[in-house]
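Q: Here it is, the structure in full.
Laboratory data are not the source of any read-out in this text; all were calculated from the coordinates shown. Because the structure is predicted, anything quoted here is derived from the model rather than measured. Using ideal geometry, Cβ is built from the backbone for each residue, glycine included, and neighbour counts are taken over all protein chains shown.
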Amino acid sequence: MGCFDEGHFNGEVENGVSSIADEANTTTVAIEDAVKVLLLGLGEDINREGLKKTPLRVAKALREGTRGYRQKVKDIVEGALFPEAGLENNKIGHAGGAGGLVIVRDIDLYSYCESCLLPFQVKCHVGYVPSGQRVVGLSKLSRVAEVFAKRLQEPQRLADEVCSALQQGIKPAGVAVILQCTHIHFPDIESIFLESNQKGWVKILVSSGSGVFENKSADVWADFFFLIKSRGVDMEKIHLRGSSEQCWCPSLSAISTKVSSKIGPVNPAMVAAVSSILKSLGEDSVRKELAGTPNRFVKWLLNFQSIDMDVKLNGSLCGRINSSNSNREVNISNNKQIYSELNLPFWSQCEHHILPFHGVVHIGYFLSEGFNPIGKSLLQSIVHFYCFKLQVQERLTKQIAETVSPLLGGNVIVVVEASHTCMISRGIEKFGSSTATIAVLGCFSTDLDSRTSFLQSIANATSSGGQ
C-alpha cells in the first residue's frame, strides 16, 4: 500500500496532532509569561488567591477569542451547498435557489478591537441572493461571520471580510452584511470621582455589499433594510466608508491623547509584553493598525492598578457626608423608611480573565439615629473607588456594603447587577446574561419584609426605565 498503508497514515495523523498541540502549548506559555509581566506592572501579587491561574485563563481566552486565524472559510462552506430549484419556467419573479433573497438576522458575535484589544459586541445581519439553483446551509452564514469576528478587527473590515468570503465561497448573485457594533467607553480617571454621568458606549453601524448589492440604491437593498428595520437598523445612520469618523475606537481619541497624572509613565516592559502576546496570536505587532495597540492597552490596564487610593476615598468621606440628598424613600409596612439610591453605573476589570464587566449598583439603608443621609455623588464615588481595581463582583458588593455601613449606622443592603465580558466573549458565550449579587448588613439580614420592599423598588425602577 506504500505511503497509504494504515500504520504510516496513522503515524502522520498522530504527528500532526502532536505538532498542533505542541504549538498551542508553546503559545499558551508565552502568553502566560506576558500576562504575569502585566500583573506585576499593575502592582499585583501574582501568587495571591484569585490571580494564581489568571495568566492561564487569559491565555486560553485570547486563543479562543482569536481562533478565527486558525480557521478556513473553505472548510466551512464545502459540502454545505445544496441544490434548490428556482421558479418554474412559466413564472415571473425570483425565489428559491435562483434569486430569492435570504437573510439571517441577529447573529450575536464578539470580536477583539485591534486598536485597544478590548472586546466589542457585534449584532450581525447577513443576506445573500442565491444563484445557480443552489443554496447554502443557513448555519454556515453565521459560522463564516464568526471566523472573521474571532480575530483582531475593526467594524468596516469585519463587514468587508465576511462579505467577500461568502461571495467567493458560495458564488451567489450578491451578498449584503450589516453590523451593529458596540464598544465600551474609556474612563477619564481624573474626573471619575467627581462626575457620575460617564459615557457608556460607542456605537457604529456599518455595511458591505457585493454583486447585486454593490449599488446601495439597488431595490434589493430596500428589501434587505425593510426586513431588518425592526432590529433598530436605520439606513440613514450607516457609517460611510472613508468618512472623517473612521476611527471608532475610543482609545484613539481618549487614552492616546490624555494620560491620567495618577497613572504615571507607561511601563516599557508591559508594552513589550502586549507586543509579545500579539505575536503569539499570530499577528504582526508592527503593522500599521496595531502599531500603537500595546501602548493603548497598557494605558487602559493602568486605570486598574493596585495603588493606595485611601487618601482620595477618605477625603471624599470627610468632606461630603452632608452633601445634598437626592435619595428615594420607600415606605414599608412598619412605617420605617428605606433610603435608597438606585442605578449607580460602574465598570470594572475581572481579575480572573482581565476583561471588563459593567453594570449598576443599588444601595438601600435605614438611617440610624444621629446619622445623616448620604448624597448620590458620594455613593457614586465609593462605587468607583472599588471598581477601579482588578475585581470580582462578589468582593465588590461586599466592599461597598462594608464601606457604607458605618457611615449610616449599620443597616445596609447592596445589590450589584452586571454583565461580564468573560461570560459573553469566551467559553459559554451567553449573550444577554447578567449576574446579580447581594450583601445585607444589620437588620436587613433578618428582616425579610425590608429586603423584599427594597428589591421590589429595584424591579419597579427597572420596569419604568430607571433613572
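Q: Full-extension gain between Ala30 and Ala85, please, as 0.36 nm times their residue separation minus the C-alpha to C-alpha distance.
A: Working: separation 55, 0.36 × 55 = 19.80 nm, distance 5.23 nm.
Gain in length upon complete extension: 14.6 nm.
Q: If you don't mind, another one. Amide H of Ala173 versus every other amide H placed in the peptide plane: which residues, excluding those fewer than 5 positions away on the same chain, fall under 5 Å?
A: Val129, Ser131
Q: Which entries of Lys60/Lys299; Lys53/Lys398; Lys376/Lys398; Lys203/Lys376 show an alpha-carbon separation above 26 angstrom in the structure shown? Intermediate results must be reported in sequence, preceding the final value.
A: Details: Lys60/Lys299 23 Å; Lys53/Lys398 23 Å; Lys376/Lys398 19 Å; Lys203/Lys376 28 Å.
With Cα atoms farther than 26 Å apart: Lys203/Lys376.
Q: Show the residues, 5+ positions off or on another chain, whose built amide H is closer than 5 Å to the amide H of Leu390.
A: none
Q: Around Val147, under 10 Å between beta carbons, what's the net of Lys plus Arg minus Asp minus Glu among the other residues? Show your work: numbers first, answer last.
A: On the way: positive: Arg67, Arg70, Lys72, Arg143, Lys150, Arg151; negative: Asp75, Glu146, Glu161.
Local net charge: +3.
Q: In whole Hz, with x marking every Gly and Pro, tabulate ³J(HN,Hα) for the range 66-80 from phi via Karplus 6.51 cos²θ - 1.76 cosθ + 1.60, θ = phi - 60°.
A: 10, 5, x, 5, 9, 10, 10, 4, 4, 5, 7, 7, 4, x, 10
Q: What ³J(HN,Hα) values, in whole Hz, does the Karplus curve 6.51 cos²θ - 1.76 cosθ + 1.60 give for the range 47-55 when θ = phi - 60°, with x put for Gly and Pro?
A: With coefficients 6.51, -1.76 and 1.60, one gets 9, 6, 4, x, 10, 3, 9, 4, x Hz.
Q: While we're on this one: Which cross-chain or sequence-distant (5 or more) residues have an amide H under 5 Å from the amide H of Cys249, H modelled 1.01 Å from N in plane?
A: none
Q: Please compute the modelled spin-label separation between Arg48 and Thr452, points set 7 Å along Cα→Cβ, answer in nm with one decimal.
A: 4.0 nm
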